[in-house]
Amino acid sequence: MEGKEEDVRLGANRYSEHQPIGTAAQGGGADEKDYKEPPPAPFFEAGELTSWSFYRAGIAEFLATFLFLYISVLTVMGVVGNPSGSKCGTVGIQGIAWSFGGMIFVLVYCTAGISGGHINPAVTFGLFLARKLSLTRAVFYIVMQCLGAICGAGVVKGFQTTLYQGNGGGANSVAPGYTKGDGLGAEIVGTFVLVYTVFSATDAKRSARDSHVPILAPLPIGFAVFLVHLATIPITGTGLTNLIDTI
């Protein structure tokens, strides 16, 4: 019995793990990378203006933001417009959070291969600062996102004009008991959580070492939006530098 235990200890020392489970195999040398870091995007790329893929990506951002505002604002209107006040009559705060997070999950999944699935000027601006996309594309994305948000909110207003106008279109405001500084701090932290999750889920190193990361990327992004809404809806209604604040 003692001989068997000795063999186990010897084998464990001789064939120890070089790397934690879930990471890729080791490269050929100490300086060799097992991933390829994409080159920084040019600051201005005029050639994009003649590419169909550029405009297709903008259309994808427009459509995604349109659907996002349509579903989310319509959900908010259903909650604030409940005349009975019964918690069972509406989806409540958790339902609003699920609406935002679920739509982000679905829309990022649908548009990630076309435009990257930004659906938010904060994400677009953050990726631009990280040199993940050019100024040309960043400005175009933000313009299309704004137009999509306007159209999405406009459709909701057309469906529920009185309710929409009576509740300010679901625009966010600082809740009683909190200062504007509290609201600003909550929005800064919430937006950081979102953008940090986007960068983590799309990191080239993780994509190379964990092959399942690109497939699952929409899930943590949508879940981050859901969690942030749960935390900050009671404070500001949760904006995350989103377009619902200004529509």
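In table form, for the structure just shown:
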read-out: Subset of region 66-91 (residues that are polar (S, T, N, Q) and modelled with pLDDT of 60 or more); value: Ser72, Thr75, Asn82, Thr90
read-out: Neighbours by Cβ (under 7 Å, 6+ apart or cross-chain): first from region 97-118, free of Cβ contacts under 8 Å to residues at least 60 places away in the same chain; second acidic (Asp, Glu); value: Ser115/Glu61; His118/Glu61
read-out: Residue among Val189, Val143, Val198 that is under 21 Å from Ala57 (Cα atoms) and open to solvent by 70 Å² or more (accessible area, probe 1.4 Å); value: Val143
read-out: Leading residue by the ranking (modelled with the lowest pLDDT) among those in region 123-140 that are of a type in the set (A, V, I, L, M, F, W, C) and surrounded by fewer than 19 Cβ atoms within 10 Å (Cβ to Cβ); value: Ala130
read-out: Answer residue from region 100-122, given it is surrounded by 23 or more Cβ atoms within 10 Å (Cβ to Cβ) and of a type in the set (Gly, Ala, Ser) and is farthest from Gly58 (Cα to Cα) among those; value: Gly117
read-out: Top-ranked residue of region 38-52 - restricted to ones that are touching a residue at least 40 places away in the same chain (Cβ under 8 Å) and open to solvent by 50 Å² or more (accessible area, probe 1.4 Å), ranked as farthest from Leu135 (Cα to Cα); value: Pro38
read-out: Subset of region 144-174 (residues that are under 21 Å from the mean Cα position of the chain (by Cα) and without any contact (Cβ under 8 Å) to a residue 12 or more places away in the chain); value: none
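Conditions tested, residue by residue: (1) in contact with a Leu (Cβ under 9 Å, 6 or more places away or on another chain); (2) hydroxyl-bearing (Ser, Thr, Tyr); (3) at pLDDT below 85; (4) in a helix (DSSP H, G or I).
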| site | (1), (2), (3), (4) |
| --- | --- |
| Glu187 | yes, no, no, yes |
| Thr197 | no, yes, no, yes |
| Ile215 | no, no, yes, yes |
| Ile221 | yes, no, no, yes |
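The values are calculated or read from the model by the stated rules, or taken from the named source; none is laboratory data. Note that the structure is predicted; figures quoted are calculated from it, not measured. A quick note on method: Cβ atoms are made from the backbone with ideal geometry, for glycine too, and the neighbour counts reach across all protein chains shown. Note: areas computed on protein heavy atoms with side chains; ligands, DNA, RNA excluded. Shrake-Rupley method; radii C 1.70, N 1.55, O 1.52, S 1.80 Å.
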